[in-house]
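Please treat every number below as a calculation from the coordinates, not as lab data. All values reported here derive from a predicted model rather than from experimental measurement. When we count neighbours, we look across all protein chains shown, and the Cβ atoms used for this are built from the backbone with ideal geometry, even at glycine.
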Amino acid sequence: MIKFSDLKAGDYVLANSDGKVWMGEVTSFNRDEKEIGVDNGVQEFFFKSEELNPVPLDDNTLLKMSFKKQANEDGTVKYMKGAFRLLTPGKDNFSRFEMWYKDEKRIILDPIYLHQLQNHYLEMTKVHLTDQPI
């Protein structure tokens, strides 16, 4: 489950619809009914927050989001998208990491999900993180 207040338009989530789980993009909010509009690429469906799950942040997810990957000699792994950087302590280790954009740097000490990375990215770059290459 994802808190209603944690989502922004453009965030990616996993929607559970009739037992099928698919990734979609948050497109709108019905604040009166506390429903979230999610587009599956064809049309928009509305869900309660308990019907949505976060997308895990991992190597595969970052590559789908058009990040470029660089394995460093010291075992760390750097992911790059434009001027935005994310540095993990090792392969497939997203338990903590650093991210930076220009002069702003953030240290993340706990695992986060894709929508949370998207929100950090938006705050830092003023552009929403999508799967489109830069």
Discussion item. About the Cα centre, and with charges only on the beta carbon of Lys, Arg (+1) and Asp, Glu (-1), how big is the dipole of the chain? Nearest 20 debye, please.
Written reply: 500 debye
Worksheet entry | Computed helical MRE - 222 nm, the chain, DSSP H runs ≥ 4 contributing -39500 (n - 2.57), nearest 500 | -4000 deg cm²/dmol
Worksheet entry | Label zone at F4 (point 7 Å along Cα-to-Cβ), backbone N below 15 Å, region 12-41 | 28-38
Discussion item. Which one, G90, P111, F67, is farthest towards the positive end of the dipole of region 59-125 when Lys and Arg carry +1 and Asp and Glu -1 on their Cβ?
Written reply: F67
Worksheet, complete the sentence: Sorting S5, M124, P54 by the position of each Cα along the dipole of the chain (Lys, Arg +1; Asp, Glu -1; all at Cβ), the one nearest the positive end of that ordering is M124
Worksheet item: How much length is gained if the chain between T76 and D92 is pulled fully straight, taking 0.36 nm per residue apart and subtracting their Cα-Cα distance, in nm to one decimal?
Response: 4.8 nm
Worksheet item: Which order do peptides 111-124, 47-60 fall in by mean Cβ count within 10 Å, highest first?
Response: 111-124, 47-60
Worksheet item: What nm value, rounded to one decimal, do you get for the distance between R85 and N30 when each label is placed 7 Å out toward the C-beta?
Response: 4.6 nm
Worksheet entry | For peptides 64-72, 79-87, sequence by mean Cβ density within 10 Å, most packed first | 79-87, 64-72
Item to complete: Determine, from the Cβ-Cβ distance of W22 and L122 and an R0 of 25 Å, the FRET efficiency 1/(1 + (r/R0)^6), rounded to the nearest 0.05.
Response: 0.60
